[in-house]
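Encoded as C-alpha cells, the structure appears first; notes follow it.
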Amino acid sequence: MITALQVSGGGLPLLFARRRRRAFRPPQAVASDAAAAAEGTAREDGGKVALGGSGVAVTKLGVGAWSWGDTTYWNEFRWDDTKLKAAKGAFDASIDCGITFFDTAEVYGAGVSGAINSESLLGRFIKERQRKEQVDVAVATKFAALPWRFGRGSVICALKASLDRLGVSSVELYQLHWPGIWGNEDYLDGLGDAVEQGLVKAVGVSNYSEKRLRDAYERLRKRGVPLASNQVNYSLIYRNPEENGVKAACDELGVTLIAYSPIAQGALTGKYTPESPPKGPRGRIYTPEFLTKLQPLINRIKEIGGSYGRTSTQVLCPSTSINYTRVVYYSVYAVVFLL
C-alpha cells in the first residue's frame, strides 16, 4: 500500500530506542483531509490528490505491486496460482472501492527463476478488468538506476520496455527508483525527455535525500518540467522523512511525498505476531522480539479503530473526517512516544 501526501514501511527496531529519548511531537502530515485542513497544502480534486504541480491527480490511497510475481522477498520464494488469484483479487477489490492508483517497477518480480514481472501482471489485470467495464487506472512505475545504464537514452529505453509490459502507451507517473552511483543528471534529463515525448504525464523520484531532491527539482525546473513526487518509506515506526529534511523540502517545493509501506508491510495491522512472524527474508526484519515490542502500538491501533468502527488499516491510512483523523493520530503517536 502507498499513500499520497501533499507536503507529505517497514520499520527498524533501532527506531524505538531513539523514540524513547525524544520528546513527543504530534504528526505534521497525514494521508487524509486533516493535512489539507491543518496545513492548507494538499490540493484535492474529487477525492484525489494532485502530484505536485504536474496536473496529474491520483486517489489518496494507492496499491503497491512490489509483491506481485516476486519470489525473493515476498511469497515464500515461490509464485503460484494461489498467489496470482490473491493478487488479482486485491486489484479488483481496490477498483471496487474506488482506489485506482497502482505503483509498480521494472525490477519487481524480474530476473529470478519462477518470478513474473509485476508490470506484466498489472497490465494483464487492467486489460481483464476493462473487458468488463471502462476504468481509469493511474499507473506509476520506476526506472532502475543500474550501474551499467548510461545516458538519458537509457531512461527512454527502459520506459518503453515498461510500457510494453504494461500494455499502455503512457503512464501517469514515472520515477527514478533510487539514486544512481553515477549519471543522475542524465537520468533526470531522460525524465524530461519522457514528458516531452508524451510517454509519461508526470515524473518523480524515489528514496531521494533532501539534497538530491532539491537538485532534481532544480534541474527539471530549468527545462519547465515539474518534479511531481518523492516516494519514500514513511510510517508510524519509520518517521525519518520528518527528521532528515525530506518532508520539509517536499512541503517547501510543492512536491508530493508518496509514503510507501505506511502499514509497515502488514506489521502494524496485527497480521503478524511474535508466535507467527512473516516467513522468508521479512522474518529477519520483523523478528519475534521486534513484534513483541510492537504489540502495545498494535493493540492501541485496534482499540482506536474499534471505537470508530474502523479497521487497523483505516486507522493507519485514514481519509475520513478531520476530527476523527486528529484523534486517531494524536492517540497513536502518543503510543509511539511511550514505546
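By the gyration tensor of its Cα atoms, with a ≥ b ≥ c the square roots of the eigenvalues, what is the shape of the range 164-303: rounded for a/c under 1.5, prolate for a/b over b/c, or oblate? Before the final figure, lay out the partial values.
Numbers: a/c = 2.66, a/b = 2.00, b/c = 1.33.
Here the range 164-303 falls in the prolate category.
What the phi angles of the range 257-274 give under the Karplus curve with 6.51, -1.76 and 1.60, with θ = phi - 60°, is a coupling list of 8, 9, 8, 9, 6, x, 10, 6, 6, x, 5, 6, 8, x, 4, 10, 10, x Hz, glycine and proline written as x. Taking a ≥ b ≥ c as the square roots of the eigenvalues of the Cα gyration tensor, the range 197-248 is oblate, since a/c reaches 1.5 or more and a/b is not larger than b/c.
Per-residue Karplus couplings for the range 129-146, computed as 6.51 cos²θ - 1.76 cosθ + 1.60 with θ equal to phi - 60°, are listed in order as 5, 6, 5, 8, 7, 7, 10, 9, 9, 8, 10, 10, 9, 9, 8, 8, 7, 6 Hz, Gly and Pro entered as x.
Listed by chain and number, the aspartates and glutamates placed with their C-alpha closer than 13 angstrom to that of residue 60 are 33, 44, 45, 103; residues fewer than eight positions away on the same chain are left out. Full extension of the chain between residue 127 and residue 244 gives 38.1 nm of extra length, using 0.36 nm per residue less the Cα-Cα distance. Among the trypsin sites (Lys or Arg not before Pro) in the range 176-251, those placed in a DSSP loop whose Cβ has at most 16 other Cβ atoms within 10 Å are 222, 223. Applying the Karplus relation 6.51 cos²θ - 1.76 cosθ + 1.60 with θ = phi - 60° to the range 194-207 yields 3J(HN,Hα) values of 4, 5, 5, 8, x, 7, 9, 9, 8, 10, x, 10, 9, 6 Hz, where x marks Gly and Pro. Once you sort the root eigenvalues of the Cα gyration tensor of the range 70-172 as a ≥ b ≥ c, which label holds: rounded (a/c under 1.5), prolate (a/b larger than b/c) or oblate (the other case)? It is oblate, given that a/c is not under 1.5 and a/b is not larger than b/c.
State which entries of 88/279; 142/293; 160/279; 85/142; 247/293; 211/302 exceed 29 angstrom in Cα-Cα distance in the structure shown. The answer is 142/293; 160/279; 211/302. Under 5 Å between amide hydrogens, built in the peptide plane, is the criterion, and for residue 51 it picks out 56, 57, 58 among residues at least 5 positions away or on other chains. Between residue 202 and 173, 174, the built amide H atoms are under 5 Å apart, and every one of these is 5 or more places off in sequence or on another chain. Between the listed residues 258, 292, 246, the Cα displaced farthest toward the positive end of the dipole of the range 239-315, a dipole computed from Cβ unit charges relative to the Cα centre, is found at 292. Amide hydrogen proximity for residue 99: with H placed 1.01 Å from N in the peptide plane, no residue at 5 or more positions away or on another chain lies under 5 Å. Among the chymotrypsin sites (Phe, Trp or Tyr not before Pro) found in the range 136-234, those both in a DSSP coil and sparsely packed, with 13 or fewer other Cβ atoms within 10 Å of their Cβ, are 148, 150, 182.
Since every read-out is calculated from the coordinates, none of them should be taken as a lab result. Keep in mind it's a predicted model, so treat the numbers as computed, not measured. Cβ atoms come from the backbone with ideal geometry, glycine included; neighbour counts cover every protein chain shown.
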